[in-house]
Amino acid sequence: MNRPDSRTGRATADRPTRRLRAATAVWRGRQPRDIGDRAYLAYAIVLAALVLGAPVVRALWLRLTTDATSAALVSSAAATTAGTVALTVWAVALFVGRHRGPAVAAPFLVHVLAGSDLPRRTVFRARVTAAVGVAAVVAAALAGFVGAALATRGLVDPPAVLDFAVRAALIGVVAAVCWLFGEARPRTAGAVAVVLLVAAAAQQVVPVLHGTTWAWFRAAGPVDAVDAVLLVLAVVALAAAPWLLDRIDDATLAVQAARWDRAIAHAVSLDLTSVAESYQALPTVGRRLDAVVGSARLGVVIVVRDLVGALRVPGRLASGIVLVAGAGALVALAAVVPVGGVVLGGLAAAVLFSGVGAFGRGLQHAALVTTGTPLYGIGDGRLLGLHSLLPTGAALLLTGGTAVAVGAVVAPGALGVVVWGGVALPLVVVAAHLSNALRGPAPLFLTTPVSSPVGDPMPLVRVLWAMDAPVLAVLAGSALSAGAAGVGAVVVVIVVLALFLLVRWVRRADR
């Protein structure tokens with residue numbers, strides 16, 4: 001029994017923590033891990049870091065220390081891009097938090113703890129603290145890696161590298177709290193994210209903001225007003241975290257926990273399409289809009305049906321429009337930057353692949369019902385072709401139009417490459433979406449272990465099989481950014497994608 005002395009307040013404050021530890025200990029005791037399991041997990045992590053991580057890190061280091069890359073990283077354009085990236089990361093964290101925030105646990109555990117009298121800040125403090133710590137460490141490590149590469153070239157001083165790493169850590173802290181803010185206040189987070197995206201775009205187009213180094217290296221001393229502003233922003237964000245945790249409602253916690261649990265279950269079986277569907281928004285408006293119109297042209301009927309279906313989920317449609325148009329801007333930038341064009345091209349393909357899904361729900365449904373026997377009295381090939389009209393047209397219009405518009409301003413000398421990428425990339429990405437929709441279950445031979453000098457490669461093959469569509473799209477985007485030099489790689493990607501489509505089309509009746 002706690003005695004009523006000066007320590008009573010502390011004992012009372014510690015009581016919820018002890019109750020939480022007892023409850024979580026019971027939960028974790030359901031599936032205990034012995035020392036062998038923990039040792040194997042550590043062994044797998046170390047082995048993956050050595051086999052996969054070390055070569056990637058070495059390749060990045062060699063790339064960063066080249067003359068062209070080093071010169072580009074210390075230019076004013078790099079500083080402007082860094083500010084744009086930081087603001088975009090904050091905006092993305094706000095958007096992501098609306099669907100999956102840091103305060104997420106197993107559904108039953110959320111039901112028990114959220115229904116108790118324990119405060120939210122106590123229940124989810126450890127998870128939010130881990131998210132903040134990981135974000136700060138990862139951001140600081142990336143900044144330190146880039147800074148160390150430039151320091152070995154004599155382009156920046158060690159104090160500047162340290163200052164940049166500290167700034168990156170503070171930016172990471174703010175990003176983690178933005179993630180939490182998106183979970184606690186989803187509607188407000190959406191508005192704030194739009195403001196941040198506008199500010200990120202303004203940093204690229206407003207001349208007075210070009211070359212600002214608030215998120216990059218500086219030539220001045222190790223501390224200035226920007227460091228103080230970022231520190232105050234991070235401290236305020238951390239101070240607001242408990243308040244935000246207490247304001248997450250039960251419905252948000254339950255929905256996010258259930259979605260995450262389903263997504264993990266599908267991810268374990270490498271059903272990435274179902275993972276994405278776990279976070280699909282539900283129709284909210286447009287129930288009175290006629291999705292089926294009378295027309296003598298079947299193509300008009302299908303396009304209107306798909307368009308009305310997209311309009312009924314306005315949030316998903318708006319984000320899809322932004323992503324598809326943003327991919328066009330990245331295509332134009334990839335053609336003009338001195339270094340990193342291949343990375344920007346791959347990023348443009350990834351963004352386009354994510355955004356075009358807002359227009360491709362009809363295509364996915366059509367792929368699911370193509371079993372060799374026409375369900376709607378329409379041949380399978382014709383049905384897929386008609387449902388491909390909306391995503392293809394939207395991608396060509398938004399991505400191609402934005403790429404040409406931005407390219408005419410920032411890359412008039414490389415407009416041919418921009419047009420080539422703005423037209424070819426949407427076609428490849430829509431074909432990749434179609435291939436992904438026709439995939440079906442994994443073939444049995446993928447589950448068979450295979451001996452090789454480097455061990456069993458089948459787990460990696462299964463992952464590549466599950467992610468072949470976005471991987472091929474990214475490869476095509478990287479090749480398209482190279483212009484004439486990448487035509488051969490683009491042809492290879494198209495041939496591989498065509499083979500996948502052919503095989504999956506033939507096997508569609510066996511799904």
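The values are calculated or read from the model by the stated rules, or taken from the named source; none is laboratory data. From a predicted model like this one, the values you see are computed outputs, not experimental measurements. Backbone-built Cβ (ideal geometry, glycine too); neighbour counts: all protein chains shown. Areas reflect the complete protein model, heavy atoms only, side chains present, ligands, DNA and RNA absent. Shrake-Rupley method; radii C 1.70, N 1.55, O 1.52, S 1.80 Å.
Side notes on the structure shown:
- Which listed residue, of A327, A281, A276, is out of contact with any strand residue (DSSP E or B) (no Cβ under 6 Å at 6 or more places or on another chain) and closer than 30 Å to R63 by Cβ: A327
- Selection count where residues are surrounded by fewer than 24 Cβ atoms within 10 Å (Cβ to Cβ) and among the aliphatic types (A, V, I, L, M), scope the range 321-332: 5
- Qualifying residue in the range 99-106 (condition: more than 25 Å from A258 (Cβ to Cβ) and open to solvent by less than 50 Å² (accessible area, probe 1.4 Å)): no
- Enumeration of residues in the range 202-224 that are modelled with pLDDT under 80 and hydrophobic (A, V, I, L, M, F, W, C): V205, V206, V208, L209, A219, A220, V223
- Selected residue (only one of V313, V322, V304 is within 30 Å of S481 (Cα to Cα) and either more than 27 Å from the chain's Cα centre (by Cα) or at pLDDT 85 or above (or both)): V322
- Residue among A258, A281, A267, A310 that alone is open to solvent by less than 50 Å² (accessible area, probe 1.4 Å), assigned to a helix (DSSP H, G or I), without any contact (Cβ under 8 Å) to a residue 40 or more places away in the chain and in contact with a helix residue (DSSP H, G or I) (Cβ under 7 Å, 6 or more places away or on another chain): A267
- Near pairs, Cβ below 7 angstrom, 6+ apart or cross-chain, from the range 49-73 (among the aliphatic types (A, V, I, L, M)) to any residue that is surrounded by 10 or more Cβ atoms within 10 Å (Cβ to Cβ) and not in a helix (DSSP H, G or I): A68/P338; A68/V339; A72/P338; A72/V339
- Looking only at residues of the range 454-483 that are without any contact (Cβ under 8 Å) to a residue 24 or more places away in the chain and assigned to a helix (DSSP H, G or I), we find that the one that is surrounded by the most Cβ atoms within 10 Å (Cβ to Cβ) is V471.
- Test for T17: is it modelled with pLDDT of 75 or more and in contact with a helix residue (DSSP H, G or I) (Cβ under 7 Å, 6 or more places away or on another chain): yes
- For the range 97-126, a tally of residues being among the small types (G, A, S) and in a helix (DSSP H, G or I) returns 3.
- Summed over the range 213-255, residues that are assigned to a loop (DSSP other than H, G, I, E, B), β-branched (V, I, T) and surrounded by 15 or more Cβ atoms within 10 Å (Cβ to Cβ) total 2.
- Condition met for A86 (of a type outside the set (K, R), surrounded by 15 or more Cβ atoms within 10 Å (Cβ to Cβ), more than 30 Å from A199 (Cα to Cα) and touching a residue at least 12 places away in the same chain (Cβ under 8 Å)): no
- Within the range 127-181, tally of residues that are surrounded by 19 or more Cβ atoms within 10 Å (Cβ to Cβ), among the hydrophobic types (A, V, I, L, M, F, W, C), assigned to a helix (DSSP H, G or I) and touching a Leu at 6+ places or on another chain (Cβ under 8 Å): 18
- Checking each residue in the range 181-198 for being among the hydrophobic types (A, V, I, L, M, F, W, C) and touching a Phe, Trp or Tyr at 6+ places or on another chain (Cβ under 9 Å) picks out A184, A189, V192, A193, L196.
- Sole residue being modelled with pLDDT of 85 or more and either of a type in the set (G, A, S) or open to solvent by less than 40 Å² (accessible area, probe 1.4 Å) (or both), chosen from V351, V339, V369: V351
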